[in-house]
Amino acid sequence: MKLLLTTVALAVSVGTAAAQTADGEVRRIDKAQGKITLRHGEIKSLEMPPMTMVFRVQDPAMLERVAVGDKVKFDAAKIDGNYTVTAISKAN
Ligand SMILES: [Cu+2]
């Protein structure tokens, strides 16, 4: 049973990574607050037009993998009322 749950969790995280659909550029990183400012293109899943805004990150480790100025692909969701980056990777 435990093995089955682990397999399901892996499948979900892989699916999330493959679905990174939004384009962005990192403008600011706030490790202390666990926040990232992204200038982003349209985010269809959130019905959001292009803009620059602050997101929370689901995992603080995400902030170690990108730097200000990086072009990124990412996914975001509204979690507990906060726009939150759920996956992010460098686009170049
Ligand atoms: Cu936005």
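The values are calculated or read from the model by the stated rules, or taken from the named source; none is laboratory data. Bear in mind the structure is a predicted one, so any value in this text is a computation, not a measurement. Cβ atoms come from the backbone with ideal geometry, glycine included; neighbour counts cover every protein chain shown.
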Which residue pairs have Cβ atoms closer than 7 Å, lie 6 or more positions apart in sequence or on different chains, and pair a first residue in the stretch 7-35 that is more than 11 Å from Phe55 (Cβ to Cβ) and modelled with pLDDT of 95 or more with a second residue that is of a type in the set (Gly, Ala, Ser) and surrounded by 10 or more Cβ atoms within 10 Å (Cβ to Cβ)? Asp23/Gly41; Asp23/Ala91
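Yes/no per residue for (1) touching a residue at least 40 places away in the same chain (Cβ under 8 Å); (2) within 9 Å of the ligand (Cβ to nearest atom); (3) part of a strand (DSSP E or B); (4) touching a Gly at 6+ places or on another chain (Cβ under 7 Å):
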{"site": "Met53", "(1), (2), (3), (4)": "no, yes, yes, no"}
{"site": "Arg56", "(1), (2), (3), (4)": "no, no, yes, yes"}
{"site": "Met62", "(1), (2), (3), (4)": "no, no, no, no"}
{"site": "Lys73", "(1), (2), (3), (4)": "yes, no, yes, no"}
{"site": "Ala76", "(1), (2), (3), (4)": "yes, yes, yes, no"}
{"site": "Thr84", "(1), (2), (3), (4)": "no, no, yes, no"}
Those residues of the stretch 24-48 which are assigned to a strand (DSSP E or B) and of a type in the set (A, V, I, L, M, F, W, C) amount to Val26, Ile29, Ile36, Leu38, Ile43, Met48
Any chance Ala67 is in contact with a strand residue (DSSP E or B) (Cβ under 7 Å, 6 or more places away or on another chain) and either more than 16 Å from the ligand (Cβ to nearest atom) or closer than 14 Å to Glu25 by Cα (or both): yes
Within the stretch 44-61, how many residues turn out to be in contact with a His (Cβ under 9 Å, 6 or more places away or on another chain) and within 21 Å of Asp30 (Cβ to Cβ)? 5
